[in-house]
Structures are given as structure tokens and as C-alpha cells.
Amino acid sequence: MAAAHLPLAGITVVSLEQAVAAPFATRQLADLGARVIKVERPGEGDFARRYDETVHGQSSHFVWLNRSKDSVTLDVKTPGGREVLERLLAGADVFVQNLAPGAASRLGLSAGELAERHPSLVVCDISGYGADGPWADRKAYDLLVQCETGVVSVTGTPEAPAKVGIAIADIAAGMYAFSGILTALYERRATGVARAVSVSLFEALAEWMGYPAYYTAYSGAQPPRVGAAHATIAPYGPYAAADGATVLLAIQNEREWASFCAEFLDDASLATDPRFHRNSARVARRAELDAIVTARFAELTADEAVAVLDRAKVANARLNTVADLLDHPVLAGRDRWRDVPTPGGPVRALLPPATLTGMEPRMDPVPGVGEHTEAVLTELGYTAEAISALRDAGAV
């Protein structure tokens, strides 16, 4: 589907973005048809371009987060670069930034200052710990925020905590920035008021910690680390089958527990056994219960175990690798892959998770550094001579 027919067609986003959080938010806007003008440093561009070189010589993070965008290089600290940025903002609907703490204010790009110059502009600031408060000037990276919010303390094994294997603080902040921007655009259309949006990595991930936070506040103890098992539900987690493969199962209610006992464990009496008759009892005697379940799994291959669990209507899964995900039958069977051009060659990319009936999202190329600078400057009214002068001055 052409971008002109997508829900956000006609919306222009200018983004002073880097790393993960802001690029994830703006890529989702681009998926829905918005024009995203990504402002990068002249020469080197977004530093996430150099995280690795695994995707046809390009960074895996960058390829994931930056399709369908126009890349414009500007040194916004120079007079010429600032003039170009102001012209861009004058024609934009949304401005997004996740610069270092205090950088936007030093550049005169705070939400308050921009509201005076561009009253219809929706401004979205993404920070580590908030634009004000005691940690406003503190740098924040994903692992640090995972630690500060307690995520690492509830992740891992009893012997050792662990970080989550993906950048969940950045992803959470990017998701809330995306939904916040959509909300602000909706209100602007309804009322004419353009509200600023602010999201911090810390507060985004603190929201995701809701369950352990409530559990800790009202029980007096935080959920224990139990590896790939569930801290407060049993049986719920991985078990080794006779062929060495790992199968996970998840019991959510007493009906499933009774079915699991009768069909999988071949002992219906366990469902009403006082040791295991309700979830809290099963959690309290987890080791004893796991010994029974483990012994049964040792009698079955993974395929046999899955077949019995399916027959019992007990939710289950394989412990897949990333390679398994790439070849997953659900993604292939639902036609979720598309080819996306990049400067180094085409890559497979997943469609966005939210499917709108009858709408094919935008899946345009990943840009090279500054690929669209000249075209965008020409749109803004700069002549070839003026563009050359800006290049000579290091402004673009």
C-alpha cells in the first residue's frame, strides 16, 4: 500500500534521535505512513549505525529501527544547521528528541521554547529519568535502568541475577512515546491543542514492573528468581524431555491442573491432593511437585510430551533459539516477512505486530547517512549554491 493511503499520511515527523528508544517510536510512525525526517550528525550519523556490522556491513540495531525514514545530516550547533532545523520544524507536525540530558534545552529546543515558536507542533522528549527531578541530569542506558527499576533483581536464577536479553527499557520508552504521540495528534485534531509528550526510560520500565511491585508491597517480600519458571505459579516453566529437548508448560487455573494430572501425569488424584490442591500450595511445595513432573517428562520425547499436553489442553511451548524464531512456522504461515532494501543489500523484516484490516504497512528502505539531505534542503527552498555553502561550513 502506498504511503499516501496509510493512516498517518500527511504527518511529518522531525527527529533528533539516536540509539533505540526514539528511533523505535518514529519507525512505528513511519510504518503507518508518516514522513520521518531523521536528523543525523554529518559524516558519522546516528552512533547506533556502528554498534556492529553484521547485516550486510550494517548495524543490526540500525537496520531494525530505521526503515522508511529520510536521513538528513545537520550540525545543529552551527548557525546554518539551526536555520535548516527551524525550517524543518516550521513544516512539521511532530518533533522527537532523545539527546543527552539538558542538550535540547541548551539548543533552544525545549518543549516550552518550541511551543512559543511552533504552537501546533507536538513535541516528544525521551529521557532517562525525566526532564526534571533529582536525576534529570543523570545518563541512562538500558542495563542501568533495568537495574534501577529492579528488573534484574527478579530475573535470573536463585544463584545469580541476569539482565533481560533485549533492550526492554528502550523498547518500553519507545512504545509509550509512540502511543503518546498518537494521542497528542488525536487531541490536536479534535481540539487544536498540541500537547507536549514526555517519556522516561525509568518510568516506562517501572510501569512494566507493576506485578512484582504490588506483590512486594503487599506481601513484604519480592518474587524470587526462579530462572525460566514462574515465581508465583506452579507448575509453570521448562522441563527436559527424554530426547534432551526442553518443553515449557503453563498451568493457569484449577481446571487445567486437573486435566494435566489426569492426562499427562496419569494420576487424577493429584489434582485434589492437599499438597497441590491450589496454586499457592503448589508454589510452596514446588520442589516436590517438580520432581513428579520431571519424572514424567523423562519418559517422553519432546514431540510425545507436546502431543499429550495438547490433548490435555495445557498450554506449552518449545525452548526455541533465535534461529528457530527466524524459521518459525507461524511467521511463515501468516506471511509476516517482507523484503526491505538497505544500503548494503536487502533484508527480511517482520511486519509490525498491529495488523489493520486491509492495510499493508509501509516497509521502505533503510537510508544511508545523509541520503536525503540535498532533496530535503531543495524542498525547503535552498538553492544548489546555498546547499554547497552549507556543506563547506560543515552545517550539513
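The values are calculated or read from the model by the stated rules, or taken from the named source; none is laboratory data. Predicted, not measured: the structure shown is a model, and the values here were computed from it. Positions of Cβ are generated from backbone atoms using ideal geometry, with glycine treated the same way; all protein chains shown enter the neighbour counts.
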| query | Just for the range 163-180: of the residues that are without any contact (Cβ under 8 Å) to a residue 40 or more places away in the chain and in a loop (DSSP other than H, G, I, E, B), which one is nearest to V20 (Cα to Cα)? | reply | I166
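Restricting to the range 88-102, name every residue that is surrounded by fewer than 17 Cβ atoms within 10 Å (Cβ to Cβ) and part of a helix (DSSP H, G or I).
Residues of the range 88-102 that are surrounded by fewer than 17 Cβ atoms within 10 Å (Cβ to Cβ), as a first pass: 90-91, 100, 102.
Within the range 88-102, just A90 meets the criteria.
Restricted to the range 43-55, and to residues that are touching a helix residue (DSSP H, G or I) at 6+ places or on another chain (Cβ under 8 Å) and surrounded by fewer than 17 Cβ atoms within 10 Å (Cβ to Cβ), which residue is nearest to L74 (Cα to Cα)? Before the answer, list the steps.
Filtering the range 43-55 for residues touching a helix residue (DSSP H, G or I) at 6+ places or on another chain (Cβ under 8 Å) gives 44, 46, 48-49, 51-52, 54-55.
With the extra rule that they be surrounded by fewer than 17 Cβ atoms within 10 Å (Cβ to Cβ), the set shrinks to 44, 51-52, 54.
Details: E44: 11, Y51: 21, D52: 23, T54: 27 Å.
Applying the filter and picking the extreme gives E44.
Out of Q252, Q146, report the one residue that is outside the structural domain of A131 (by TED's automatic domain parsing) and either in contact (Cβ under 8 Å) with a residue 24 or more places away in the chain or β-branched (V, I, T) (or both). Before the answer, list the steps.
Values: Q146 fails: outside the structural domain of A131 (by TED's automatic domain parsing).
One residue alone meets the criteria, Q252.
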| query | Scanning for something surrounded by 14 or more Cβ atoms within 10 Å (Cβ to Cβ), in contact with a Ser or Thr (Cβ under 7 Å, 6 or more places away or on another chain) and assigned by TED's automatic domain parsing to the domain that holds D75, does the range 331-342 turn up at least one residue? | reply | no
| query | Which of (1) farther than 13 Å from V96 by Cα; (2) in contact with a His (Cβ under 8 Å, 6 or more places away or on another chain); (3) not hydroxyl-bearing (S, T, Y) does I37 not meet, given it meets every other one? | reply | (1)
| What residue, of G227, G244, is on the phi > 0 side of the Ramachandran plot, part of a loop (DSSP other than H, G, I, E, B), not assigned by TED's automatic domain parsing to the domain that holds R311 and not β-branched (V, I, T)? | G227
| said: Take the conditions farther than 12 Å from A241 by Cβ, β-branched (V, I, T) and in a helix (DSSP H, G or I) and apply them to V283. Does it pass? | reply: yes
| Tally of residues being closer than 14 Å to A92 by Cα, surrounded by fewer than 18 Cβ atoms within 10 Å (Cβ to Cβ) and of a type in the set (A, V, I, L, M, F, W, C) across the range 103-118 | 1
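For (1) within 21 Å of R35 (Cβ to Cβ); (2) modelled with pLDDT of 95 or more; (3) assigned by TED's automatic domain parsing to the domain that holds I11; (4) β-branched (V, I, T), each residue gets a yes or a no:
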| position | (1), (2), (3), (4) |
| --- | --- |
| G81 | yes, yes, yes, no |
| V123 | yes, yes, yes, yes |
| G128 | no, yes, yes, no |
| A131 | no, no, yes, no |
| A140 | no, no, yes, no |
| S179 | yes, yes, yes, no |
| request: Could you please tell me which pairs satisfy a Cβ distance under 8 Å, a separation of 6+ or placement on different chains, a first residue in the range 57-70 that is assigned by TED's automatic domain parsing to the domain that holds H372 and surrounded by fewer than 21 Cβ atoms within 10 Å (Cβ to Cβ), and a second residue that is among the charged types (D, E, K, R) and assigned to a helix (DSSP H, G or I)? | output: S59/R49; S59/R50
| query | Residues in the range 232-241: is at least one touching a Lys or Arg at 6+ places or on another chain (Cβ under 6 Å), modelled with pLDDT of 95 or more and surrounded by 16 or more Cβ atoms within 10 Å (Cβ to Cβ)? | reply | no
| remark: Per the filter on the range 188-221, residues in a loop (DSSP other than H, G, I, E, B) and either of a type in the set (V, I, T) or closer than 22 Å to R278 by Cβ (or both) are V193, G220, A221
| Would you say M363 is more than 20 Å from N66 (Cβ to Cβ), part of a loop (DSSP other than H, G, I, E, B) and of a type in the set (A, V, I, L, M)? | no
